[in-house]
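The values are calculated or read from the model by the stated rules, or taken from the named source; none is laboratory data. No experiment lies behind these values; they were computed from the predicted model shown. Cβ atoms come from the backbone with ideal geometry, glycine included; neighbour counts cover every protein chain shown. When the accessible area is computed, the model is the full protein with side chains, heavy atoms only, and any ligands, DNA or RNA have been set aside. Shrake-Rupley method; radii C 1.70, N 1.55, O 1.52, S 1.80 Å.
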Amino acid sequence: MLRANSSTLSTVRFSSLYIAAALLLIPLASWADSVNSPNITMNVDTNRSTGAGAGNTAVTINTITIAETTLPEYTSGSGKNITLKVRPGYQFDSSSTVTAQSATFGINGGAVNVAASRTPTGAANETLTFTLTSGGNASVQDIIRINGIKLKILSAAGAAGPAQTTVALTTAAAGGAFTDQGIIAASITKGAADRMVFAIEPGSQEAGVDLLPQVKIVDFGGNIITTDSRTISLALQTNPGSATLLGTTQLTSANGLATWADADDLRITTAASGYVLRASHNGAAFLTSDTVDSAAFNISAGDPGGISITAQPTSVDAGSDISLTVGLVDEFSNPVTSPEADITLDSAVNPGGWPLLVDTSLTKTTVNGVASWGASDHLRITKATSGYKLSISGLGAPLQTNAFDITVGDPALLKFTVQPTTTTVDTIMTPDPAVAVTDLFGNTVAGQTNTIELHTVQTRCETGISGNSSAAVDGVATFSTLSFGKVCEESKIKASSSGLIGALSDTFDIKGEDSTPIELRSARFRPRRLVQFLSRGSFHVPDKTIDDPTKRGAVLTVTGTTGTVRYNLAKSGWSRVGAHGFRFKGNPCAAVAVKPGSISATCIGRTGTLDVPEEGPVKFVLKVGKGSAEFCGSCGGITVGDENTIFKRTNCAAPTTCP
């Protein structure tokens, strides 16, 4: 029996079940009223009306007795109600009519001692109201008896064990002391395995740190099922980082629990927000669900330990901006925003052998974990070729970028790829000069067919130029017949083509016909005293502005078997003869004449140690002016005359080549 007064907490005994301090007591001046309700046992599945595996069987409740304990107490009239409200998780069985009857009261408008009835709907939180509308006896104990209640479990709240009160009684409106007082205590017996739940969630962690979830097997009311051992498997149901769940992902439940510990090394190494684990089991299906999802959790990056290339360089034209982004990462390559680090670029594979250029710096400090090079940095390479790679260092192991190409830009200028070299008048220059069509950085633009012309920078050197126009083939023009008709020292030529910036060559000389063979008709000499030779032949007289001996002089050398005699013919001894000839008078040579078709010289003075050979050649070389014109011949054969005479004469023949 349950009583309520102002000073004592009552303990309600329901068979062998004790529920202490479970009553809401209304303070009264003395004992007020009491209730006597039966204890019941409910099975999670058998006595449940909803969900998979529900038996939909109601439990019949025996008579509930409500009585005054102090006289008078209950009174009748409007609003003098006694209510029975089903607790959350339970329902009154709608198939059973509930009655209330009292020997001293008329209930719900009925006569005294006549049973009043209410038919439940079976709704959640339903209240049955019985109003004491008439009667009452202040001198006797008023008693109300309730019959016909049947109860079912409606939801998981009512199936949670081990025990609950199923109905709330209120008598306060009629003069009693009970307000929402729990009655009809139910002992809950477990049902079959219904589903799994995460008893411990994985929770947010750093990348690579162990996850320690716990999964339990429960019945409909969430009561752990200790007798159904299963293999519980975990997998990533929501995987925002496209990660792999590492470590031990399967455990066998023990006493209804699968608990992951440090030794299982369950972990995720990819940082992202919103991961969800899904647990599943082997064996027969559970009543409601065979999987359960964890609450969403996050994996954050760890401490920085290296670098990662987040934006690789791509192929660009020579001199164009190379873009690159580098980020700090933890040991699992997750981006890290702090602390700062200095990142440095360099060339790793440089097939063009060209420097890596930048307007700012090749070393940058990360901002929020990122260092990038863009248009404002003007990172560039100007040599076009394939297969460049950059190296990146600063934290952890250095990295190399993917290979990329530096391509040729648009045609912009000309460049001598084969420079002109010193040549001889009216002679094709060798090797053939070549000019390429290039971009702004000197890279040859393939496929170009521009016509390119060559002209001397000095106007005086332009006379007689030929072979100076050539069409480019695949971007390069070769001048295979270039020649000049005028002697010109320290000359330069300029290459030009429409729409392109021209090119200026290196300095070179245009000489007269050097090493010109001449026919020596005769030669006489006296050892240590005199040398004389006479020539006949056709040869070129050099341009007067370059090899004019009146300005530069000349040199005559005579070479015998024992040495060479050199005669310096100073410019002061020379004079012009006609338009193209020159004559020398003075020491050490009395007469030297140079004119088209003949050269002669008579030199007086010591001839040094030169010995005259009985046989074999004596070589004569006359270099006029700067030496861009050279005339040479030799004499040999049988000596004519007696060896004691002053002069000896030899028969001469024209040499095949100059020495």
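Per-structure values
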read-out: The range 175-248: mean projected area of Cα convex hull, nm²; value: 9.3 nm²
read-out: Estimated vicinal HN-Hα couplings, Hz - the range 112-129 in sequence order (Karplus 6.51, -1.76, 1.60; Gly, Pro = x); value: 4, 6, 10, 5, 9, 10, 9, 9, x, 9, x, 6, 5, 6, 6, 10, 9, 10
read-out: Modelled FRET efficiency - R0 45 Å, Thr60 with Asn255, Cβ distances, 0.05 increments; value: 0.85
read-out: Difference of contour (0.36 nm per residue) and Cα-Cα distance, Glu490 to Ser323; value: 55.5 nm
read-out: Mean projected area in nm² (Cα convex hull; one quarter of hull surface) for the range 316-457; value: 11.6 nm²
read-out: Accessible area in the full protein assembly, largest first, 1.4 Å probe, for Val577, Val558; value: Val577, Val558
read-out: Accessible surface, per residue, of the range 82-121 when the full set of protein chains is kept, probe 1.4 Å, Å²; value: 40 Å²
read-out: Gain upon complete extension [Thr449, Ile309; 0.36 nm per residue less C-alpha separation]; value: 46.2 nm
read-out: Inverse of mean 1/r across different Cα pairs in the range 232-354, Kirkwood, Å; value: 18.4 Å
read-out: HN-Hα J in Hz across the range 320-329 - Karplus 6.51, -1.76, 1.60, θ = phi - 60°, x for Gly and Pro; value: 7, 5, 9, 9, 7, 10, 10, x, 7, 9
read-out: Solvent-accessible surface (1.4 angstrom probe) belonging to Asp293, in square angstrom, nearest 10; value: 60 Å²
read-out: Net charge of neighbours whose Cβ lies under 11 Å from the Cβ of Leu287, counting Lys and Arg as +1 and Asp and Glu as -1; value: -2
read-out: Residues of the range 167-255: accessible area per residue with a 1.4 Å probe, Å²; value: 37 Å²
read-out: Thr365 versus Ala157: modelled label distance in nm, points set 7 Å from Cα along the beta carbon direction; value: 6.0 nm
read-out: Ranked order, Leu71, Leu151, Leu395 - accessible area, probe 1.4 Å, largest first; value: Leu71, Leu395, Leu151
read-out: With all protein chains modelled, accessible area of Asp410 [1.4 Å, Å²]; value: 120 Å²
read-out: With DNA, RNA and ligands ignored, accessible area of Leu356 (1.4 Å probe; Å², nearest 10); value: 20 Å²
read-out: Sites Ser204 and Thr226, calculated FRET efficiency, Cβ-Cβ separation with R0 25 Å, nearest 0.05; value: 0.25
read-out: Whole-number D in µm²/s for the range 197-303 (Stokes-Einstein; Kirkwood sum over Cα pairs; 37 °C, 0.692 mPa s); value: 234 µm²/s
read-out: Cα-only Debye scattering, the range 132-278: base-10 log of I(q)/I(0) at q = 0.09, 0.14, 0.19 Å⁻¹; value: -0.51, -0.79, -1.10
read-out: Solvent exposure ordering (accessible area, 1.4 Å, most first) of Glu73, Glu340, Glu453; value: Glu340, Glu453, Glu73
read-out: Interchain or long-range residues, amide H under 5 Å from Thr269's placed H; value: Gly208, Thr244
